[in-house]
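Just below is one structure, and these are the notes that go with it.
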Amino acid sequence: MTVTGVDFVFRPQPTICLLWAFGDQETRLATEAAHERAIERVLEWIERIRHHT
């Protein structure tokens, strides 16, 4: 079966959303940065896997 496209949704766990919602500005910025980095790392991993198939 040929796959012509995929759709990914990157959503933090509910506890992380609560941490962001109830945290101060520093906590929110750190949470956002960690989430963005996690997305980057997953996309990098997917790219590496794709090149091996």
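The values are calculated or read from the model by the stated rules, or taken from the named source; none is laboratory data. Just so it is clear, the model here is predicted, and its values are computed rather than measured. Counting neighbours? That spans all protein chains shown, and the Cβs are built from the backbone with ideal geometry, glycine included. Ligands, DNA and RNA are stripped out before the accessible areas are found, and what is left, the full protein with its side chains, is counted by its heavy atoms. Shrake-Rupley method; radii C 1.70, N 1.55, O 1.52, S 1.80 Å.
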Taking all protein chains as present, what is the carbon and sulfur share of the accessible area of the chain, in % to the nearest whole number, probe 1.4 Å? 60 percent
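Determine the per residue accessible area of the chain with all protein chains present and a 1.4 angstrom probe, expressed in square angstrom. Display every interim value, and only then the final one.
Working: 5010 Å² over 53 residues.
With the other protein chains kept in place, the chain gives 94 Å² per residue.
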Equivalent ellipsoid semi-axes - Cα gyration tensor, the chain, angstrom: 31, 12, 7
Spin-label pair His52/Val9, simplified geometry with 7 Å Cα→Cβ offset, distance in nm: 2.8 nm
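In the chain, which longest range has no chymotrypsin sites (Phe, Trp or Tyr not before Pro) that are both DSSP loop (not H, G, I, E or B) and surrounded by at most 12 other Cβ atoms within 10 Å? Walk me through the numbers before you get to the answer.
Numbers: sites that count: Phe8, Phe10.
In the chain, the maximal stretch lacking such sites is 11-53.
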